[in-house]
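Everything below concerns the one structure shown next.
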Amino acid sequence: MSFNDWLLAFHLWSAFALVGSMVLFWTLVVAMRDVDDVDSVLAYGRVANVGSKLIGIGFAGTVIFGIWLAFNKDGYAIWDGWIIAAIILWVIGGATGGRAGSEYTKAQTRAGELKAAGQTGQPGELRALNRTSPGLLMLAISSLAIALIVIDMIWKPGA
C-alpha cells in the first residue's frame, strides 16, 4: 500500500467515525425525548460523552487527512470546487453540531446539579431540556451538512 492509500484509509475511517457518531446522537435524541429522571439523564450523558469523543475524531480526521490527500494525490488540488464545498460544509457541520451539543448538555448539567443536591427536580424539567428545539434544529443542520459532504465526496462534482 502506498502512503496515499493509507491517507485515504484514515480519511475514510474518520468519515465512518463522524457518520457513526451522528447516528448515535440521533438515537440519543429520540431515546431521551421522554426521559425525566436524573439517573437516566446521567446514564445517557455517559453514552453521549463517548459520541462526543468519536465525533471529535471524525471531524478532525476527515479534514486533516482530506486536506493532506488534496495536496498529496495527483489530480486533486485544494482549490477544486468540490473540495472547497466540502470544507465549507465541514465548517457548517462542526459549528452547528457544537451548538447542538451545547443545547443538549444543559439537561446533563442540570441532572448533575440535582443529583449533587439530592433532589429529583420539578416534573417535566429534564424532559423539557431534552426536547430542546434549538438543539434539534442545529443537529438537523449539522446532519444535513455531513450528508452533503458524503455526497460531495462520492460524486466529486466538477472533478
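Values as computed for the structure displayed
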{"item": "Output for region 70-119, where each listed residue is among the small types (G, A, S), out of contact with any Leu (no Cβ under 6 Å at 6 or more places or on another chain) and under 26 Å from I151 (Cβ atoms)", "result": "A70, G75, A77, G81, A85, A86, G93, G94, A95, G97, G98, G101"}
{"item": "Pairs with Cβ under 7 Å, 6+ apart, first in region 49-73 and under 15 Å from I84 (Cβ atoms) and free of Cβ contacts under 8 Å to residues at least 24 places away in the same chain, second loosely packed, with under 14 Cβ neighbours inside 10 Å and aliphatic (A, V, I, L, M)", "result": "I67/I78; A70/A77; A70/I78; F71/I78"}
{"item": "Unique residue being surrounded by 14 or more Cβ atoms within 10 Å (Cβ to Cβ) and closer than 30 Å to G121 by Cα when the list is V35, V63", "result": "V35"}
{"item": "Residue count, region 1-26 (criterion: without any contact (Cβ under 8 Å) to a residue 40 or more places away in the chain, surrounded by fewer than 13 Cβ atoms within 10 Å (Cβ to Cβ) and either in contact with a strand residue (DSSP E or B) (Cβ under 8 Å, 6 or more places away or on another chain) or part of a helix (DSSP H, G or I) (or both))", "result": "4"}
{"item": "Output for region 47-87, where each listed residue is β-branched (V, I, T) and farther than 19 Å from F16 by Cα", "result": "I78, I84"}
{"item": "Options A17, A9, A70; residue that is under 12 Å from the mean Cα position of the chain (by Cα) and either under 30 Å from R110 (Cα atoms) or not hydroxyl-bearing (S, T, Y) (or both)", "result": "A17"}
{"item": "Residues located in region 91-124, provided they are acidic (D, E) and either closer than 16 Å to W26 by Cα or buried (at least 16 other Cβ atoms within 10 Å of the Cβ) (or both)", "result": "E103"}
{"item": "In region 27-46, the residues that are of a type in the set (D, E, K, R) and part of a helix (DSSP H, G or I)", "result": "D39, R46"}
{"item": "Every residue from region 30-56 that is among the aliphatic types (A, V, I, L, M), touching a Gly at 6+ places or on another chain (Cβ under 8 Å) and farther than 18 Å from G94 by Cα", "result": "V38, L42"}
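Residue-by-condition table, conditions (1) within 17 Å of D34 (Cα to Cα); (2) out of contact with any Asp or Glu (no Cβ under 9 Å at 6 or more places or on another chain); (3) of a type in the set (D, E):
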| position | (1), (2), (3) |
| --- | --- |
| A100 | no, yes, no |
| Y104 | yes, yes, no |
| Q108 | yes, yes, no |
| E113 | no, yes, yes |
| A117 | no, yes, no |
| P123 | yes, no, no |
| R127 | yes, no, no |
| N130 | yes, no, no |
| G135 | yes, no, no |
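Okay, residues lined up against (1) in contact (Cβ under 8 Å) with a residue 24 or more places away in the chain; (2) within 15 Å of the chain's Cα centre (by Cα):
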| residue | (1), (2) |
| --- | --- |
| A107 | yes, no |
| A128 | no, no |
| G135 | yes, yes |
| S142 | yes, yes |
| A147 | no, yes |
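Values quoted throughout were computed directly from the atomic coordinates according to the rules given, and no laboratory measurement underlies them. Keep in mind that this is a model prediction, so the values were computed, not measured. We place every Cβ from the backbone using ideal geometry, glycine too, and count neighbours over all the protein chains shown.
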